[in-house]
Amino acid sequence: MARRTLSQNFLVDRHAVDLVVKAAAPEGLVLEPGSGTGVLTSALAAAGAQVVGYEIDPRLAGRLAARSHGDSRIEVVRGDFTNARAPREPFAVVGNIPYSITSRIVDWCLRAPALTSATLLTQREYARKRTGDYGRWSLVTVESWPWFSWRLGDTIGRESFRPVPAVDSAILRIQRRPEPLVHGGHSYRELVELGFGGVGGSVRASLKTRYEGVDAALAAAGVARDTVVGYVHPDQWITLWERLCR
């Protein structure tokens, strides 16, 4: 019952664990949402990370705390990761996260000023949508693009979990850029949100309700006049912002 309520699917495949750790390249402080049985927790610590594992299930948290007692590389926190206060020092997030709260965890990561990267095992469909693998781009990805890169990693088959879920998973890698691609965060987000507002059915129709020179900006970005907003690449949004907002 607890597994269904908390969306728990435990990673049991050692090769899959190794793929996650390789993608994360952990060092320094790492926060792990949903430590579960501690398989990934131990692997991250063994790779050199200082791991703070969050586990909302008190039974699992107690077992992991008992097993890792005396290991200075691991701290277990009994509670909801999404309610945690983000560290002020640089840190990464790595985890096999519950499918049901994927968006909440991603939003938490994007809001954390000191986050360097997030390596998350999510539903494959979610990872593909957020990384443009379907040829379309979501508002979340486009809006955060100047500050974060999004990459689709290895697929982890459903047989790597217990209980076995109905879908496959994939590694989603979100990494903070060394330097932002824009220096006007508010104006960029305002532009993107208007474009995704859906006025008129095309990005051109939406942007022309507020901005001058939209046709020239679209031409500079290589965007056809009738393009639906989801098909505008995030890099093209950067060009649109440079032409319309600077």
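The values are calculated or read from the model by the stated rules, or taken from the named source; none is laboratory data. On a predicted model such as this, the values are computed, not experimentally measured, just so you know. Here the Cβ positions follow ideal geometry from the backbone for every residue, glycine too, while neighbour counts run over all protein chains shown. Surface areas here come from the heavy atoms of the whole protein model, side chains and all, with no ligands, DNA or RNA. Shrake-Rupley method; radii C 1.70, N 1.55, O 1.52, S 1.80 Å.
Show me the helices (runs of 4 or more DSSP H) entirely contained within region 200-246 in which 2 or more residues are touching a residue at least 12 places away in the same chain (Cβ under 8 Å), open to solvent by 30 Å² or more (accessible area, probe 1.4 Å) and touching a Lys or Arg at 6+ places or on another chain (Cβ under 9 Å). I'd like the intermediate steps shown before the answer.
Working: elements: 203-207, 214-221, 234-244.
Answer list for region 200-246: 214-221.
For region 76-121, the set of residues classified as farther than 21 Å from Gln8 by Cβ and assigned to a strand (DSSP E or B) consists of Phe91, Ala92, Leu115, Thr116, Ser117, listed by residue number. When Ala170 is tested against the conditions (1) surrounded by fewer than 16 Cβ atoms within 10 Å (Cβ to Cβ); (2) within 21 Å of the chain's Cα centre (by Cα); (3) at pLDDT 95 or above, the lone failure is (1). Scanning region 128-163 for residues that are out of contact with any helix residue (DSSP H, G or I) (no Cβ under 6 Å at 6 or more places or on another chain), open to solvent by less than 60 Å² (accessible area, probe 1.4 Å) and over 21 Å from Val229 (Cβ atoms) yields a total of 3.
Scanning region 122-150 for residues that are assigned to a loop (DSSP other than H, G, I, E, B) and touching a strand residue (DSSP E or B) at 6+ places or on another chain (Cβ under 8 Å) yields a total of 4.
Out of Leu115, Leu110, Leu29, one residue alone is touching a Ser or Thr at 6+ places or on another chain (Cβ under 6 Å) and within 25 Å of Ser144 (Cβ to Cβ). It is Leu110.
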